[in-house]
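Asker: Take a look at the following structure, please.
The values are calculated or read from the model by the stated rules, or taken from the named source; none is laboratory data. Fair warning: this is a prediction, and the values are worked out from it, not measured in the lab. Here the Cβ is made from the backbone with ideal geometry for all residues, glycine too, and neighbour counts use every protein chain on show.
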Amino acid sequence: MSNVDELRFLWDNTRNDDEKAFALLHQNLYLSLFSYVVRMIKDEDLADDLLQDLFIKFWQGRVGIGAISNVKAYFFRSIRSMVLNYIRSKQLKELKLDAMPAPELEFSKEELIMSDEFDTDLKELMLATLNKLPAKQREIIHMRFYQDLDYMQITQITGIKYQSVINHVYRAVQTLRETCEFSEIYVA
């Protein structure tokens, strides 16, 4: 079976809710997609985030996407589109910021102290949020970000299904982002 046929077979099984097939699909495509994205944006963490979002979207939309004749090309086109959308969004934000007149600011000692206190408070809030995550999410977050293990290694260590590991990481990161966004809105 050629690589094209194998990927098509894995995708067809994924469409039928086969998590193992999706894990193999991820395993087959991730490294080449990752190197492609890193060449475009020169940021490994962002590349990993974008790919995680891509694979989650594919898993969640697997039935609606339907059959794909060239799976690798479809994934590459999809991630390229995501990266270009990210770049456009970032450039638009930068243009808006550049267009704003730069106020002449001087920070007093009190403002700098308050800024340090805010940073400390935010770190404490993030730590508290991490500690409130369900035990399984905390364990997986620790393995992923503190021990720098990849999803397949975490799957092998914990015995949890591959897609479940990805979902745990995604949910935990979303919770942390929401906490951070809420704290900035609340303080402002």
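Asker: Residues in the range 57-90 that are closer than 18 Å to Y170 by Cβ and outside any helix (DSSP H, G or I): how many?
Answerer: Number of matching residues: 1.
Asker: Moving on. If the Cβ limit is 8 Å and pairs must be 6+ apart or interchain, which residue in the range 123-140 that is at pLDDT 85 or above pairs with which residue that is charged (D, E, K, R)?
Answerer: N131/R138; Q137/R171
Asker: Let me ask something additional. I'm trying to understand the selection: among the residues of the range 172-182, which are loosely packed, with under 14 Cβ neighbours inside 10 Å and either at pLDDT 80 or above or within 21 Å of L29 (Cβ to Cβ) (or both)?
Answerer: Correct list: Q174, R177, E178.
Asker: Pull up the range 148-169, narrow it to residues that are of a type in the set (A, V, I, L, M, F, W, C) and under 16 Å from Q137 (Cβ atoms), then point me to the one that is modelled with the lowest pLDDT.
Answerer: If we take residues in the range 148-169 being of a type in the set (A, V, I, L, M, F, W, C) and under 16 Å from Q137 (Cβ atoms), then L149 is modelled with the lowest pLDDT.
Condition check ((1) touching a residue at least 24 places away in the same chain (Cβ under 8 Å); (2) in a helix (DSSP H, G or I); (3) touching a Leu at 6+ places or on another chain (Cβ under 9 Å); (4) on the phi > 0 side of the Ramachandran plot) across all residues:
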{"residue": "L7", "(1), (2), (3), (4)": "yes, yes, yes, no"}
{"residue": "L24", "(1), (2), (3), (4)": "no, yes, yes, no"}
{"residue": "Y36", "(1), (2), (3), (4)": "yes, yes, no, no"}
{"residue": "F55", "(1), (2), (3), (4)": "yes, yes, yes, no"}
{"residue": "L92", "(1), (2), (3), (4)": "no, yes, no, no"}
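Asker: A further question on this structure: I'd like the full set of residues that are surrounded by fewer than 16 Cβ atoms within 10 Å (Cβ to Cβ), of a type outside the set (S, T, N, Q) and modelled with pLDDT under 90, limited to the range 56-73.
Answerer: Answer for the range 56-73, where residues must be surrounded by fewer than 16 Cβ atoms within 10 Å (Cβ to Cβ), of a type outside the set (S, T, N, Q) and modelled with pLDDT under 90: G61, V63, G64, I65, G66, A67, A73.
Asker: Of all the residues that make up the range 106-122, how many are assigned to a loop (DSSP other than H, G, I, E, B) and either at pLDDT 80 or above or in contact with a Ser or Thr (Cβ under 9 Å, 6 or more places away or on another chain) (or both)?
Answerer: Total meeting the criteria: 1.
Asker: Filter the range 74-89 down to the residues that are among the β-branched types (V, I, T) and surrounded by 15 or more Cβ atoms within 10 Å (Cβ to Cβ) and list them by number.
Answerer: Passing the criteria: I79, V83.
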